[in-house]
Amino acid sequence: MLREKLYCFAALAVFCVCGLFPQTSQAADKFKVLVVMSYEENFVWCKDIKDGIDSVLESSCDIRYSYMDTKTNFAGGQKKAEEAYALYQEFQPAGVITVDDNAQSMFVVPYLKDKVKIPIMFCGVNAEPEKYGYPASNVSGILERPHIAESVAFLKQLVPSAERIGFIARDSSTTRGISEHIQGKADKYPIKFVAFKLPKTMNEATAETKELRKQCDALFMANLEGLPGEDGKPMTKKDIIPVLADIFNKPSITDISKDIKYGIFCSIAVTGQEQGGTSAKMLMKAMQGTPVSQIPITRNYKGKPMINVTTMRALGIKPKPGILHTAELVTTEK
């Protein structure tokens, strides 16, 4: 009887130990992931992408974020890239996610592409991947392709009389990529793109918006964050968009969901959550053993219809009621 009790006790002890240590081991075996963002930590786009990454990796990975701040200080981007590489060497991650175009040209290409064995997944890239030599032996990811054709078609539904549309965005590698993408598909849009403006300052943006008002029935506002004001300091979209929307005083569209609340009329919006979540899933697949060569470059597909009803009423636009039921309705932020 005593022998049987000792045997049961020993078996129970083994069971408890076996039940305990896998949890400890699992915690110790978390993948280390470095995320390098092109822009600032408080930039809404970066926050949305972080949400997408965290939703996939937070429970199973030790994640560190590095921000290059190139929207407010492009000249300092190279130094920030050096700091990100120093962090990479110290942290020794199992995988890396790099966000937006500047992180590719300043960080991935000079430091990691075809130089290290760990997988790197990009997201938020607007240029064609060949610009950076992608795909590479250790690089794949998700391209950011604005739902321009869909947004223009949505605008045409809401404002059938619109025939000519302009484009305005702060001059950057990202917006030049968007502009080139649009011009390469000019014959596919139901409203004709007739002018492209890439201002470097807010003063240029206001002057060019006045020109566009004379030429166009509608305006596509892409990324405007960071335009320097008269004092030379970078302005926020919250300050820029209402001014330009008021000057243009006609329907406008965008590809960024957060910009609708600043006075832009409508959009089929891209989401940072999709960009971050998709790149995170691709990286996890690679860290778990799938060769990067078997993880092809993809693009975003999800779009969210949005209408600013404050702007709609101010412009006297009266769309068919059925269209309104399909969209997320927002009001201009005060």
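For this structure, a couple of remarks:
- Counting all C-alpha pairs of the range 116-242, share separated by more than 24 Å (%): 38
- The range 310-318 - phi-based ³J(HN,Hα) in whole Hz, Karplus 6.51/-1.76/1.60, Gly and Pro as x: 5, 5, 4, 5, 4, 8, x, 7, 10
- Taking L324, L227, L143 as the candidate residues, the one with maximal mean-square fluctuation in a Gaussian network model of the chain, Cα springs under 10 Å, is L324.
- Extension reserve of the N249-A153 stretch, reckoned as 0.36 nm per residue once the Cα distance is removed: 32.6 nm
- GNM remark for the chain: springs join alpha carbons under 10 Å apart, and the peak mean-square fluctuation among N308, N42, N223 falls on N42.
- The range 213-334: Rg to Rh, with Rh as the Kirkwood radius over Cα pairs: 1.10
- Inter-label distance for L324 and R299, nm, one decimal - labels placed 7 Å from Cα along Cα-to-Cβ: 3.4
- Taking the charge dipole of the chain about its Cα centre, with +1 at Lys and Arg Cβ atoms and -1 at Asp and Glu Cβ atoms, the residue from G133, Y301, A327 reaching farthest to the positive side is A327.
- Shape category assigned to the range 209-260 from the gyration tensor of Cα positions, a/c cut at 1.5: oblate
- The alpha carbon convex hull volume per residue for the range 168-237 rounds to 74 Å³.
- Approximate shape of the chain as ellipsoid semi-axes (Cα gyration tensor, √5λ), whole Å, largest first: 45, 24, 18
- As a rough footprinting exposure proxy, the listed residues D187, D101, D114 were ranked by other beta carbons within 10 Å of their own, and the order from fewest upward is D187, D114, D101.
- Ratio of Rg to Rh over the range 132-205 (Cα coordinates, Kirkwood Rh, two decimals): 1.06
Read the figures in this text as sums done on the coordinates, not as results from a lab. Since the model is a prediction, treat every value here as computed from it, not as a measurement. Note that each Cβ is placed from the backbone with ideal geometry, even for glycine, and that neighbours are counted across all protein chains shown.
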